[in-house]
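First up is the structure itself, then whatever we jot down about it.
The values are calculated or read from the model by the stated rules, or taken from the named source; none is laboratory data. Quantities reported herein were computed from a predicted structural model and do not represent experimental measurements. Cβ placement follows ideal geometry from the backbone for every residue including glycine, while neighbour counts extend to all protein chains displayed. Ligands, DNA and RNA are excluded from the accessible area calculation, which covers all protein heavy atoms including side chains. Shrake-Rupley method; radii C 1.70, N 1.55, O 1.52, S 1.80 Å.
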Amino acid sequence: MKEKIQKINDYEWLLPKTAQEKMNVDAKIFANKAILDLIEDSAVGQLTNVACLPGIIEPVIGLPDMHFGYGLPMGAVSAFDSKEGVISAGLCGFDINCGINSIRTNLTFKEVNEKLKELVPALFNAIPCGVGSKGKLRLGYDELDNVMTHGLNWAVENGYGTKRDIEKTEENGCMPGADPSKVSDLAKKRGLPQLGTLGAGNHFLEIQKVSDIFDKEYAKKLGIVDKDQVLIMLHCGSRGLGHQIATDYLKIQERAVKKYNIWLPDRQLACAPVNSEEGQDYYKAMKCAVNYSFTNRLVMTQWIRETFERVFKKSWEDMDMQTVYAICHNVVKLDKIKGREYYVHRKGATRAFPELPVIVAGTMGTASYICKGTELALEKTFGSSCHGSGRAMSRNAALRQFRGEKVNDELRQKGIIGKAGNWKSFAEEAPGCYKDVEQVVDSVHNAGISLKVVRMKPLGVLKG
Amino acid sequence: MENYKFIEGLTSDVMFEAYGKNLEELFKNSALALSSVICDVKNVKKERSFSVDLKGSSTEDLMVNWLQEIIALVDTEEIFFSRFDITEISENNLKAKIYGEPISPEKAGVVVKGVTYYKLKIEKIRNNYKATISLDI
């Protein structure tokens, strides 16, 4: 499939709709040449599959962190007409509102580095991580409904975070229109014990130090002023609740595909017409998972603040531990772009609206970035950018190539303290499994879809 | 014949093949493969048991429902599973008793988010069955 790619410029590549017989629109990949060469041929083929869906708006977008997924690549954006298009549980994926919170501090590298050996285990005790961990919060069903309906408003009312956190979260931490009656009992049962848990896989909590500031004025607006300033990054999602909602609606939409006679090139791209019951019910249930996930991250943010208070003997307000920004990765939203409404499906992709922060996670051994969205992103990518560095190696291959203990030793030699539920996850998430984040961010920066603001280096990493 | 093996095919996720002389073995071995991702399946004791009774519109659908049920039970009952006794099985029906012990970080693997339809296949090759299954991690 890659042989059909045509160069538009050094950072944009066209996959014309002639590439596959049933494509309705073109696809475009935003990447520099080094990154383009790393993208699997099969992942490019998956973009062409999405281009076959009804009501798809040109173009289907591949971002530089894209890699082969199930159905469509991670690191992809597809927008659908708000009347003629589809809403797809498959295109959103299993971890609804997997996302990132960035939290700042006014602590310096020196202050934190001195306490890092105390801080990392303290955080590990405060934040339940991994499949074997148990959550500390036990909700009742009524309260869970409130979390799903009200998102961060529930969190703040219950002592987790403040109104400032709400203002610094995408959608103000609550997608309106969430309807818990569209969520199965099983999904709710899975969600009850898991609010305030990190999960596993690529989810993490990282202590970082600012290494470069590219846009001083914008960084200052985010409260980032010093090169040695310490930030915190929290990456996780909607846990079993979101996974079950995705599972339930993949089945419902698979039946819808037959009912509405939709031709699919891949069964995993299950979807339903936007105004059908199967489409709108999913949208309402998905919003429940989105709001749960925002809450999940803010609950843990508050526990991180309390842990810092214990270690540094100062209040979190005195340490200025405010949310820099909190964003979604896997989500469907009815976005208004250039005067038109689209159902934008971002899977492993971040919103990149003008002047709003974009957070790009690196690996546990490499840098992460805060960027800002642009007008050009609205024109070219439905206001979207990359979400991370993107895997380049499978988990299976990683386990053959890396040993968790050795990965941890190598991190220690770089001054990074790591802690994980088990070493296997360190091997699976080794920095060598991912693309070079510098090349990925170079791609979005030079393509103009999000511009570099701050670069951060890891100091301490917790993995599930 | 081995019970299951992990294969290449998904960059971020996990794909495996499971084998069996009959559907009973195939479903048991698929569950063991799934469980080996979630926990240290060889060292998980058979302290508690749960009954499972499922339907599916096809063998593939039944397989997705079966594995999905195990994933959900790990969350709702907070149990790691290591033994799967299929007591009754047809193309559309499955009854089983499954055994495990309470979750603990010492025996944890990774969270499986879901069973995907990607390249999902159950084949009968001569007198043996093979299932190809991918998991979202």
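Quick one: in the range A:105-158, of everything that is among the aromatic types (Phe, Trp, Tyr) and open to solvent by 20 Å² or more (accessible area, probe 1.4 Å), which residue is farthest from A:Met233 (Cα to Cα)?
Of the range A:105-158, the ones among the aromatic types (Phe, Trp, Tyr) are A:109, A:124, A:141, A:154.
Next, only the ones that are open to solvent by 20 Å² or more (accessible area, probe 1.4 Å) stay: A:109, A:124, A:141.
On the way: A:Phe109: 15, A:Phe124: 14, A:Tyr141: 30 Å.
In this case the residue turns out to be A:Tyr141.
Report, by residue number, each residue of the range A:430-464 that is in a loop (DSSP other than H, G, I, E, B) and in contact with a strand residue (DSSP E or B) (Cβ under 6 Å, 6 or more places away or on another chain).
In the first step, residues of the range A:430-464 are kept if they are in a loop (DSSP other than H, G, I, E, B); the result is A:430, A:435-436, A:448-449, A:464.
Result: A:Ile449, single match.
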Let me spell it out: the conditions are (1) over 14 Å from the mean Cα position of the chain (by Cα); (2) within 13 Å of another protein chain (Cβ to nearest Cβ); (3) open to solvent by less than 60 Å² (accessible area, probe 1.4 Å); (4) not charged (D, E, K, R), and B:Asn43 meets all of them except one. Which number is the exception?
(3)
Residue match in the range B:58-68 (condition: surrounded by fewer than 22 Cβ atoms within 10 Å (Cβ to Cβ), free of Cβ contacts under 8 Å to residues at least 40 places away in the same chain and over 15 Å from the mean Cα position of the chain (by Cα))
yes
Across the range A:192-227, the tally of residues that are part of a loop (DSSP other than H, G, I, E, B) and either within 10 Å of chain B (Cβ to nearest Cβ) or of a type outside the set (Val, Ile, Thr) (or both) stands at 15
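Just give me the residues in the range A:168-191 being under 14 Å from A:His243 (Cα atoms), assigned to a helix (DSSP H, G or I), in contact (Cβ under 8 Å) with a residue 40 or more places away in the chain and open to solvent by 30 Å² or more (accessible area, probe 1.4 Å), in sequence order. Write out each step before concluding.
If we filter the range A:168-191 for residues that are under 14 Å from A:His243 (Cα atoms), which is where we start, we get A:183-191.
Retained after the next criterion (residues that are assigned to a helix (DSSP H, G or I)): A:185-191.
Add one more test, that the residue is in contact (Cβ under 8 Å) with a residue 40 or more places away in the chain, and what stays is A:186-188, A:190-191.
Passing the criteria: only A:Leu186.
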All-but-one check, A:Asp442 against (1) over 25 Å from B:Ile7 (Cβ atoms); (2) open to solvent by 40 Å² or more (accessible area, probe 1.4 Å); (3) within 14 Å of chain B (Cβ to nearest Cβ), failing number (3)
Residue under evaluation A:Met393, criteria (1) modelled with pLDDT under 90; (2) touching a strand residue (DSSP E or B) at 6+ places or on another chain (Cβ under 9 Å); (3) over 30 Å from A:Val60 (Cα atoms), criterion not met:
(3)
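Condition check ((1) aliphatic (A, V, I, L, M); (2) over 22 Å from A:Lys435 (Cα atoms); (3) modelled with pLDDT of 95 or more) across all residues:
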{"position": "A:Gln20", "(1), (2), (3)": "no, yes, no"}
{"position": "A:Glu40", "(1), (2), (3)": "no, no, no"}
{"position": "A:Asn49", "(1), (2), (3)": "no, yes, yes"}
{"position": "A:Gly93", "(1), (2), (3)": "no, no, no"}
Helices (runs of 4 or more DSSP H) lying entirely in the range A:374-415 (those with 1 or more residues that are open to solvent by 10 Å² or more (accessible area, probe 1.4 Å) and within 13 Å of another protein chain (Cβ to nearest Cβ)):
A:395-401
Hey, among the residues in the range A:163-191 that are within 12 Å of another protein chain (Cβ to nearest Cβ) and not aliphatic (A, V, I, L, M), which one's nearest to A:Ile100 (Cα to Cα)?
A:Gly191
Considering only residues that are modelled with pLDDT of 95 or more and open to solvent by 50 Å² or more (accessible area, probe 1.4 Å), which ones fall in the range B:69-88?
B:Glu69, B:Arg83, B:Thr87, B:Glu88
Only unsatisfied item for A:Gly199, checking (1) surrounded by 23 or more Cβ atoms within 10 Å (Cβ to Cβ); (2) modelled with pLDDT of 95 or more; (3) at positive phi, is (2)
Looking at A:Leu36, A:Leu47, which is the one that is free of Cβ contacts under 8 Å to residues at least 40 places away in the same chain, buried (at least 24 other Cβ atoms within 10 Å of the Cβ) and more than 14 Å from chain B (Cβ to nearest Cβ)?
A:Leu47
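Name the one entry in A:Thr247, A:Thr307 that is part of a helix (DSSP H, G or I) and open to solvent by less than 10 Å² (accessible area, probe 1.4 Å).
Working: A:Thr247 fails: open to solvent by less than 10 Å² (accessible area, probe 1.4 Å).
Among A:Thr247, A:Thr307, only A:Thr307 is part of a helix (DSSP H, G or I) and open to solvent by less than 10 Å² (accessible area, probe 1.4 Å).
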Being modelled with pLDDT under 95, part of a strand (DSSP E or B), surrounded by fewer than 17 Cβ atoms within 10 Å (Cβ to Cβ) and facing chain A (nearest Cβ under 9 Å), is that true of even one residue in the range B:120-136?
no
Those residues that are farther than 15 Å from A:Cys328 by Cα and surrounded by fewer than 23 Cβ atoms within 10 Å (Cβ to Cβ), I need them from the range A:343-363; list them, please.
A:Pro354, A:Glu355
Could you tell me which numbered condition A:Thr366 fails, if it satisfies all but one of (1) open to solvent by 10 Å² or more (accessible area, probe 1.4 Å); (2) of a type in the set (Ser, Thr, Tyr); (3) not in a loop (DSSP other than H, G, I, E, B)?
(3)
Which one is farthest from the other protein chains (Cβ to nearest Cβ) among residues in the range B:61-98 that are more than 23 Å from A:Arg190 (Cβ to Cβ) and not in a strand (DSSP E or B)?
B:Ser90
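For (1) farther than 13 Å from A:Gly90 by Cα; (2) open to solvent by 10 Å² or more (accessible area, probe 1.4 Å); (3) modelled with pLDDT of 95 or more; (4) in a helix (DSSP H, G or I), each residue gets a yes or a no:
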| site | (1), (2), (3), (4) |
| --- | --- |
| A:Gln253 | no, no, yes, yes |
| A:Val257 | no, yes, yes, yes |
| A:Ile262 | yes, yes, yes, no |
| A:Gln268 | no, no, no, yes |
| A:Gln280 | yes, yes, yes, yes |
| A:Phe294 | yes, no, yes, yes |
| A:Arg297 | yes, no, yes, yes |
